[in-house]
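K.L.:
Let me begin by handing over the structure; questions about it come next.
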Amino acid sequence: MLKLVLLLLSLPLLLAEERVWTNLEGKKISAEVKKMTSQEVVLRLNTGKVYKVPIASLIQEDQDYLRGLKEEALKAEDKSQELNEVLGYSFFLMNQTLWHREASEMASNFNIPKESQTESSSSYRRYFTREAARSQTDLKSMLSTISIDGDLHKKVSSVNMVFANVGDSGKASSRELSKLLKQDYKVIESRLTEVLGPASKQRYGEGNLRRSVQRWDYTQHVFILSYVKKKYVGLEIIPKAFADAGGKTVRVSDIELRDRLEKNIVKEKTGDVYLKNLPMIDQGPKGYCVPATAASVLSYMGVDADMYILANECESSGEGGTSISVLVKTLKVLAGGKGRSIRSLNLNPLKFSAVKRQINKGYPILWVMRSTNAYNASANKRTQLRAKTDWNRYVKLSPELLKQNLGTIGNEEQDSAHMCAIIGYNEETQEIAVRDSWGPLYALRWIHVREANEVSYSGYIISR
């Protein structure tokens, strides 16, 4: 009896999941289980407020759900330590789900740097070099990157690991890459099976990223192992409800998205107009500017996307280089599946009116351009002067800066093709605001539209 009571008391930590609860009077609340005994359940709203509810006062469907939790708890065996040993990270605490842990705290504990922070989400990512010898059993030594995602409430929403992949294959031949992919896949499959038993199979993902995967369930966690031929091996730890939905997210309605985009338009007294809440997805040491920028804009538009998986899908190389035509085809499927569309913009020549029109709708622009040394020097100088100079004085300085640089921005001959996002403008100074996928210091830089025109190729918009 004591064992049963202890298991019941541990239920909320093992199995808590937000759902709609209904009492016999028809009143409904959306909450998760915090504690449960044989007679009552403590429900917690996402506001943090808790309610003690007699189980007998709930409708039969809810009582059956709680009964199922009790049965699962009786069968559950704590395997947190074994899983931690397999992963090489002590992510799992005894009788506690990842989904109750603060994403920032967990990332800090494992030295995983912050990648992005918006009002509704956060992400943390760490890259690994492949110089050290790869172990045949140690998953951590096989990692290319690991990321932790946080939700609206700053709790962990998923953990993603990428192992062997085409982007990190360097000069490996197709045969060598195939061998490495299969090796990593078999090691991960074997180690998880040792702890959690045989996997089940399911279809997972959206659009052209939908694939057959191996699935292991552990309380309210699901491990998803993907092997995409000639591309990558990945392991995701996700909530059970998301796995049960096949990795498909709920479509954001046009009305909700429109309201969200309008609220994201910031207008400063200086006349600066720019978009907020565009996640900073840092391409890190790789030449992944295209998939990083595309994933950022997709996420902003309510379409879930992972830079690393997008890069592998588009066959980006680690040194840089992504086919824009392949990217556009991929974006059409991903965005189209959520009721969004992608269209090209003629940004050669780059006209201020074209930028203003899109930003005023709340749309960032995927900008294909040449990132020359002269361009970056001018963008850095303008951005620094804006931060430390009286605004009226800066307005007078801006034409002088343009005069000094015009005609020199695009003269360099080196291969500097790049994708970034145009996210704002200032009509008085005729400047545009640009975000590069190089980390927080490059989240918002300013350049005169005539300077930008010298390095402009084309642009794309993802719209509702």
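K.L.:
In the stretch 357-387, which residues are among the charged types (D, E, K, R) and surrounded by fewer than 20 Cβ atoms within 10 Å (Cβ to Cβ)?
P.N.:
Initial filter on the stretch 357-387 (among the charged types (D, E, K, R)): 357, 361, 370, 381-382, 386.
Matches in the stretch 357-387: Arg357, Lys361, Arg370, Lys381.
K.L.:
Find the residue count for the stretch 226-256, including only residues that are within 18 Å of the chain's Cα centre (by Cα) and buried (at least 19 other Cβ atoms within 10 Å of the Cβ).
P.N.:
Keep residues of the stretch 226-256 that are within 18 Å of the chain's Cα centre (by Cα), which gives 226, 232-239, 242-243, 246-252.
So of that shortlist, the ones also buried (at least 19 other Cβ atoms within 10 Å of the Cβ) come out as 226, 232-239, 243, 247.
Within the stretch 226-256, residues that are within 18 Å of the chain's Cα centre (by Cα) and buried (at least 19 other Cβ atoms within 10 Å of the Cβ) number 11.
K.L.:
Let me ask something else about it. Kindly provide the set of residues from the stretch 155-206 that are over 23 Å from the mean Cα position of the chain (by Cα), assigned to a strand (DSSP E or B) and of a type in the set (Gly, Ala, Ser), ordered by number.
P.N.:
Ser200
K.L.:
Looking only at the stretch 360-393, count how many residues are in a helix (DSSP H, G or I), charged (D, E, K, R) and within 30 Å of Tyr300 (Cβ to Cβ).
P.N.:
The qualifying residues number 4.
K.L.:
What pairs come up if the first residue lies in the stretch 335-349 and is within 16 Å of Ile324 (Cα to Cα), the second is of a type in the set (D, E, K, R) and surrounded by 13 or more Cβ atoms within 10 Å (Cβ to Cβ), and their beta carbons are under 6 Å apart, counting only those six or more places apart or on different chains?
P.N.:
Ile342/Lys332
K.L.:
Could you tell me whether any residue of the stretch 221-240 is more than 21 Å from Ile146 (Cα to Cα), in contact (Cβ under 8 Å) with a residue 60 or more places away in the chain, assigned to a helix (DSSP H, G or I) and not polar (S, T, N, Q)? Spell out the reasoning first.
P.N.:
To start, the set of residues in the stretch 221-240 that are more than 21 Å from Ile146 (Cα to Cα) comprises none.
No, that holds for no residue.
K.L.:
I'd like to know if the stretch 332-351 contains one or more residues that are in a helix (DSSP H, G or I), touching a Phe, Trp or Tyr at 6+ places or on another chain (Cβ under 8 Å) and either under 17 Å from Ala452 (Cα atoms) or at pLDDT below 95 (or both). Steps first, answer last, please.
P.N.:
Going residue by residue through the stretch 332-351, those that are in a helix (DSSP H, G or I) are 332-336.
Still in the running and touching a Phe, Trp or Tyr at 6+ places or on another chain (Cβ under 8 Å): none.
No; the residues of the stretch 332-351 include none that is in a helix (DSSP H, G or I), touching a Phe, Trp or Tyr at 6+ places or on another chain (Cβ under 8 Å) and either under 17 Å from Ala452 (Cα atoms) or at pLDDT below 95 (or both).
K.L.:
Filter the stretch 108-119 for residues that are assigned to a loop (DSSP other than H, G, I, E, B) and surrounded by 13 or more Cβ atoms within 10 Å (Cβ to Cβ); which is farthest from the chain's Cα centre (by Cα)?
P.N.:
Kept after step one, since they are assigned to a loop (DSSP other than H, G, I, E, B), are these residues of the stretch 108-119: 110-113, 118-119.
Filter once more, keeping what is surrounded by 13 or more Cβ atoms within 10 Å (Cβ to Cβ): 110, 112-113, 118.
Values: Phe110: 19, Ile112: 14, Pro113: 14, Thr118: 11 Å.
Of everything passing the filter in the stretch 108-119, Phe110 is farthest from the chain's Cα centre (by Cα).
K.L.:
Could you check the stretch 264-316 and list, in sequence order, the residues that are within 27 Å of Ser174 (Cα to Cα) and in contact with a Pro (Cβ under 7 Å, 6 or more places away or on another chain)? Working first, answer last.
P.N.:
Looking only at the stretch 264-316, we keep the residues that are within 27 Å of Ser174 (Cα to Cα), and these are 283-292, 294-295, 305-316.
Answer for the stretch 264-316, where residues must be within 27 Å of Ser174 (Cα to Cα) and in contact with a Pro (Cβ under 7 Å, 6 or more places away or on another chain): Met307, Leu310, Ala311, Cys314, Ser316.
K.L.:
Is it true that Asn23 is of a type in the set (S, T, N, Q), touching a His at 6+ places or on another chain (Cβ under 9 Å), more than 21 Å from Leu143 (Cβ to Cβ) and surrounded by 13 or more Cβ atoms within 10 Å (Cβ to Cβ)?
P.N.:
On the way: of a type in the set (S, T, N, Q): yes; touching a His at 6+ places or on another chain (Cβ under 9 Å): no; more than 21 Å from Leu143 (Cβ to Cβ): yes; surrounded by 13 or more Cβ atoms within 10 Å (Cβ to Cβ): yes.
No; evaluated as a whole, the condition is false for this residue.
K.L.:
Given the condition under 17 Å from the mean Cα position of the chain (by Cα) and among the charged types (D, E, K, R), answer yes or no: does some residue in the stretch 260-272 qualify?
P.N.:
Initial filter on the stretch 260-272 (under 17 Å from the mean Cα position of the chain (by Cα)): none.
There is no residue in the stretch 260-272 that is under 17 Å from the mean Cα position of the chain (by Cα) and among the charged types (D, E, K, R).
K.L.:
Okay, next question. Counting only residues that are loosely packed, with under 11 Cβ neighbours inside 10 Å and either hydroxyl-bearing (Ser, Thr, Tyr) or assigned to a loop (DSSP other than H, G, I, E, B) (or both), how many does the stretch 39-72 have?
P.N.:
So the answer is 4.
K.L.:
Which one of these is at pLDDT 95 or above, basic (Lys, Arg) and closer than 30 Å to Ser344 by Cα: Arg393, Arg382?
P.N.:
Details: Arg393 fails: closer than 30 Å to Ser344 by Cα.
Arg382 is the lone residue from the list that is at pLDDT 95 or above, basic (Lys, Arg) and closer than 30 Å to Ser344 by Cα.
K.L.:
Looking only at the stretch 284-319, count how many residues are of a type in the set (S, T, N, Q), crowded, with 23+ Cβ neighbours inside 10 Å and in a loop (DSSP other than H, G, I, E, B).
P.N.:
The number of residues fulfilling the criteria is 1.
The values are calculated or read from the model by the stated rules, or taken from the named source; none is laboratory data. Everything quoted here is computed from the prediction, not taken from an experiment. Virtual Cβ from ideal backbone geometry, glycine too; neighbours counted across all protein chains shown.
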